[in-house]
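Asker: Input: one structure, supplied below.
The values are calculated or read from the model by the stated rules, or taken from the named source; none is laboratory data. The structure displayed is predicted, hence computed values, not measured ones. Virtual Cβ from ideal backbone geometry, glycine too; neighbours counted across all protein chains shown. Side chains are part of the model used for accessible areas, which takes the heavy atoms of the whole protein and leaves out ligands, DNA and RNA. Shrake-Rupley method; radii C 1.70, N 1.55, O 1.52, S 1.80 Å.
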Amino acid sequence: MADRVTVIGWDGSPLTAAARSALGAATLVAGAAHHLALPEVPARAERIRLGSVALAARRIAGHRGTAVVLADGDPGFFGVVRTLRAPEFGLEVEVVPAVSSVAAAFARAGMPWDDAQVVVAHRRTLRRAVNVCRAHTKVAVLTSPGAGPAELGLLMEGVHRTFVICEELGTEHEQVTVVTSDKAADHTWRDPNVVIVIGGPAGTGAGESGGWIFGRDPGTGPRGWALPAEAYGGDLGEGEAELLRAAQLARLGPRVGDLVWDIGCGSGAFAVEAARAGAAVIAVDREFPACARTEAAARGFGVQLQIIRGTAPHVLEDLPEPDVVRVGGGGAAVVSAVADRRPQRIVTHAATRDAAELVGRDLTEHGYRVECALVQSVELDTRAWTETERSVAFLLSGVLPDRTA
């Protein structure tokens, strides 16, 4: 095992005295081509071109001597330190950090970033990164080949955002470009790059006085879930009762990185609360007043929704793939069309047992594990303890056994 392993961050600035000292003593240096070309790298040192960090870690673990790993930006922030410290390699490292590429990108844009979400986009995580960009007003995306600005823009079709694209930060080829998301696919971008994605309603960030927590403040908006009808402008439609809505949210568990479909969004109550959990939401309804009411609710709660007016199931054909779906209207035909798209979870409700059995059989035939519960809520006037309103519905939920994450 290497006697000493030092990880040095590089942001294009001259190396610090600590970094130069570690490099001067190195018998093995790993890094990208532009790192290995630095004049401070000893001519006598063994050099490893850094492609797979895991492969380099194995070489370092078997090296007898002093090793240095060079990495762009802060190597402890979505960087190589995590891999090098993994139990299978047994490496203890010293870190000489530099300005992270995310901090550098926001500096170039002249923007604060304590209220930003930060995500990494690989081919396997690209869709989830896009969902974060749909749901939040300020996101920094660390890109990779095949998951860059062009791919982000293509997958955000129908959602307008501004991209600040920072290419090759810290090098002599550094370039910062501002484009709208629909134009990002019209260009060829150099790797590596950071994309700052900006858009959405004003006033949802930390504000001029600053915040108290990095990223999205979880304390914004009213406390609690399944808020009463008054929070959404009065009477709610069928299937939007507080207890039923709370059960639907619990069954689906919307979270950051998810895309939620809310079909038959009605007042927008469910869509808003799924968005408050950090998920991206597409709200669908065939009625113009429902779409307008949902838009007003989203604006009032400071969340971002994509609202589409149209009749399901036909309007669903061109929508991006969902993770979880609430079917608030449309019955068995819509549930069947949704199940064809294979989301992880589906919830819906039925007014009668026969309708519930029909939907349940269809979900079972699609391979879903089905649960059904009769949900009844009774509201009481606590001055006289008399009943004021009663709601009864069959709550159905389907979970794909092979997609339970």
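Asker: May I ask you to give the solvent-accessible area per residue for the chain, in square angstrom, as obtained with a 1.4 angstrom probe?
Answerer: Dividing the accessible area of the chain by its residue count gives 48 Å².
Asker: Then there's this: How much length, in nm to one decimal, is gained on full extension between Ala384 and Leu358, taken as 0.36 nm per residue of separation minus their Cα-Cα distance?
Answerer: 5.3 nm
Asker: Could I ask something else about it? Report the accessible area of Phe394, computed with a 1.4 Å probe over the heavy atoms of all protein chains in place, in Å² rounded to the nearest 10.
Answerer: Roughly 40 Å² of Phe394 is accessible to a 1.4 Å probe.
Asker: Between Arg82 and Ala296, what FRET efficiency comes out of the Förster formula 1/(1 + (r/R0)^6) with R0 = 51 Å and r the beta carbon distance, rounded to 0.05?
Answerer: E between Ala296 and Arg82, to the nearest 0.05, is 0.70.
Asker: According to the Cα gyration tensor, what semi-axes, each the square root of 5 times an eigenvalue, does the equivalent ellipsoid of the stretch 1-150 have, listed from largest to smallest in whole Å?
Answerer: Result for the stretch 1-150: semi-axes of 30, 18, 13 Å.
Asker: So how much accessible area does His314 have, in Å² to the nearest 10, using a 1.4 Å probe?
Answerer: 130 Å²
Asker: Oh, and also: What ³J(HN,Hα) values, in whole Hz, does the Karplus curve 6.51 cos²θ - 1.76 cosθ + 1.60 give for the stretch 86-103 when θ = phi - 60°, with x put for Gly and Pro?
Answerer: My calculation for the stretch 86-103 gives 4, x, 5, 9, x, 8, 9, 10, 9, 10, 10, x, 9, 5, 5, 5, 5, 4 Hz in order.
Asker: Also, I was wondering about something else. For the chain, give the percent of accessible area contributed by carbon and sulfur heavy atoms, probe 1.4 Å, rounded to a whole number.
Answerer: That share works out to 52 percent.
Asker: Which residue, Gly158, Gly148, Gly239, tops the fluctuation ranking in a GNM of the chain built on C-alpha contacts under 10 Å?
Answerer: With Cα springs under 10 Å in the chain, the top fluctuation among Gly158, Gly148, Gly239 is at Gly158.
Asker: Take the Cα gyration tensor of the stretch 121-164, multiply each eigenvalue by 5, square-root it, and list the three semi-axes largest first, rounded to whole angstrom.
Answerer: 15, 10, 10
Asker: Calculate I(q)/I(0) for the stretch 81-216 by the Debye formula, one identical point scatterer on each C-alpha and no solvent, and give its log10 at q = 0.10, 0.18 Å⁻¹ to two decimals.
Answerer: -0.35, -1.02
Asker: Taking 0.36 nm per residue of sequence separation and subtracting the Cα-Cα distance, how much length would be gained by fully extending the chain between Arg124 and Arg309, in nm to one decimal?
Answerer: Taking 0.36 nm per residue and subtracting the Cα distance, the gain is 63.5 nm.
Asker: Ok, one more. Please check: in the Gaussian network model of the chain (C-alpha springs, under 10 Å), which one of Asp72, Asp362, Asp285 has the largest mean-square fluctuation.
Answerer: Sorting by GNM fluctuation, first place goes to Asp362.
Asker: May I ask you to list the residues of the stretch 128-164 whose amide nitrogen lies under 12 Å from a point 7 Å from Cα along the Cα→beta-carbon direction of Ala33?
Answerer: none
Asker: Where the centroid of each part is defined by its Cα atoms, how far is the stretch 327-395 from the stretch 22-101 in Å?
Answerer: What the calculation gives is 55 Å, centre to centre.
Asker: So in the chain, what percent of DSSP beta bridges are antiparallel if you round to the nearest 5?
Answerer: Rounded to the nearest five, the antiparallel share is 50 percent.
Asker: Would you compute the Debye intensity of the stretch 286-405 from its alpha-carbon atoms alone, equal scatterers and no solvent, and pass along log10 I(q)/I(0) at q = 0.13, 0.19, 0.21 Å⁻¹ to two decimals?
Answerer: With one equal scatterer per Cα and no solvent, log10 I(q)/I(0) is -0.65, -1.10, -1.18.
Asker: Over the stretch 41-116, consider all pairs of different Cα atoms and compute the Kirkwood hydrodynamic radius from their mean reciprocal separation; express it in Å, one decimal.
Answerer: Evaluated over the stretch 41-116, this radius sits at 14.2 Å.
Asker: Counting each pair of different Cα atoms once, what's the Kirkwood radius of the chain in Å, rounded to one decimal?
Answerer: This gives a value of 23.9 Å.
Asker: How many percent of DSSP beta bridges within the stretch 1-156 run antiparallel, rounded to 5?
Answerer: Percentage antiparallel, nearest 5: 5.
Asker: Sticking with this one: Quick one: Cα centre-to-centre distance for the stretch 227-263 and the stretch 155-174, in angstrom?
Answerer: First find each Cα centre; the distance between them is then 35 Å.
Asker: Between Val69 and residues 5 or more places away or on another chain, which pairs have amide H atoms under 5 Å apart, with H built 1.01 Å from N, and which residues are they?
Answerer: Distant-sequence amide H within range of Val69: Thr6, Val7, Ile8, Ala30.
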